1. Evaluate E = 1/(1 + (r/R0)^6) for ILE12 and LEU150, where r is the Cβ-Cβ distance and R0 equals 45 Å; express this FRET efficiency to the nearest 0.05.
2. State the extension gain, in nm to one decimal, for the chain segment bounded by LEU126 and ASP184, taking 0.36 nm per residue of separation less the distance between their alpha-carbons.
3. So if we plug the beta-carbon distance of VAL69 and ASN138 into 1/(1 + (r/R0)^6) with R0 = 35 Å, what FRET efficiency do we get, rounded to 0.05?
4. How far is it, in nm, from the label point at GLU56 to the one at VAL160 when both lie 7 Å from their Cα along the line to the Cβ?
5. Simple spin-label model, 7 Å along Cα-to-Cβ: VAL104 to ARG172 in nm?
6. Short version: ³J(HN,Hα) in whole Hz for each residue of the stretch 183-191, in order, from phi by Karplus 6.51 cos²θ - 1.76 cosθ + 1.60 (θ = phi - 60°), x for Gly and Pro, what are they?
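The numbers here are math on the coordinates, done by the rules we state, and not lab data. Quick caveat, the model's predicted, so the values are computed rather than measured. Every residue, glycine among them, receives a Cβ derived from its backbone with ideal geometry; neighbour counts consider all protein chains shown.
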Amino acid sequence: VSAKDDKDDNIISATTEGADQLPNMNMDQWYQNGDAWYPGVQNNPFWDTANGGTAEYGYVPTVPEESIVVKGKAAKLSTIEAKVLVIVKLAAGNLYSGKFVDVVLTGGGGAKLDFGQPYDCRPTSLKGYVDYRPQLVNNEKYCASNLRELLYGKSDHGQVSVMLTDWSAPYRIDTTEGNFISTDDPSVIAYNE
């Protein structure tokens, strides 16, 4: 705009980024492979669960929910006692962007997963609903000895976390090696819980 006569001298055009939402953020899309449920579209998943590792032992802690919803569908995550061969553990419902890799049966058991998905849009917000129903921790064998007094007989807690990173590839989680993501990692741009 010219300061002299308020006319447009040079008009330029600009294209802004889209503000697309994350795929299947409303959790309306689900598919089943054998006994395991998965959020999303079968050949193009964004979200995953550990159902692929637990279903072969008869446990599916993350399933679609159609009754207790605001609209459409939702994800129902439950914690259940799971016996895998001779190992008895808790199988917690989980949902994350990334890909489940494998159940680990050695060394007390655990799981491996590749955490995170590439995403290049910048949504202005992430919105959702949570219906959390806490339960009492009523089995001492799931409390580590140093936490037994703090946890046993107390309410459990659920967790919803959002993390923005600048990784060049998904982050490999291995629970058997205690390899988890630290919020102090320099690749973590933003984190909230």
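1. Once the sixth-power term is evaluated, E becomes 0.15.
2. That pair, LEU126 and ASP184, stretches by 18.6 nm at full extension.
3. For VAL69 and ASN138, the calculated efficiency is 0.80.
4. The answer from the label model is 3.3 nm.
5. About 1.0 nm separates the two model spin labels.
6. Karplus values, whole Hz, x for Gly and Pro: 5, 7, 4, x, 7, 7, 7, 8, 8.
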